[in-house]
Each structure stands twice: as C-alpha cells, then as structure tokens.
Amino acid sequence: MIQNFITMNGYGLFVWLSFALTFLACVMIYYKTYKTLKKYEKDFAKELNELSESERKLVLEKSKIASQVLASYNKSI
C-alpha cells in the first residue's frame, strides 16, 4: 500500500520530483530574501548610528520599526 502511494501508478517520480523542486525553490527564495533583509537592516543601523544623538533619539521616538531594527541589529553583533 505504501509502495503504491510512493510510485503513484508510475507517476511518482514526476510528482515527488516536482515537490522537491518546489520546496528547494521556496527555500532558496526565503534564504535570498532573509539575506537581503539583513543587509538592509545593517545599512539602516549604520546610517542611524551616524546621526547625532538628538537626531537618533527623534527618529527612534517617531518610528517603532527603526527601534526594532536597531534592537535586532545590536543583538546580532
């Protein structure tokens, strides 16, 4: 019974191969997106650190996302 499920009447190779390729494509897209996000966070944190103390405080008060990015970037250092 399990062998019939795996072979799927001769179409199993194509079905399982398509599942594997789809999963691999999703993993690659996720990794590339994650890597790009971390690059942008690093650049943003670098720009934020170059601001003066008063400007940085003003940006962090106005933007919740800026404070989260800075906090997550500082954790990864």
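Where a number appears in this text, it was derived from the coordinates with a stated rule and is not lab data. These numbers come from a predicted model, not from an experiment. Virtual Cβ from ideal backbone geometry, glycine too; neighbours counted across all protein chains shown.
In a simple Cβ point-charge model (Lys, Arg +1; Asp, Glu -1; nothing else charged), the chain has a dipole of about 80 debye relative to its Cα centre.
Here the spin labels are modelled as points 7 Å beyond Cα on the Cα-Cβ line, and at I29 and M8 they lie 1.9 nm apart. Radius of gyration over Kirkwood radius for the chain, both on Cα atoms: the Rg/Rh ratio is 1.42. Number of Lys-Lys pairs in the chain with C-alpha atoms under 20 Å apart and a separation of 8 or more places or on different chains: 18. Compared with the dominant Cα axis of the chain, that is its longest principal axis, helix 53-62 is turned about 50°. Quick one: angle between helix 64-76 and the longest Cα principal axis of the chain, in degrees between 0 and 90, rounded to 10, please. With both axes taken from Cα atoms, the answer is about 70 degrees.
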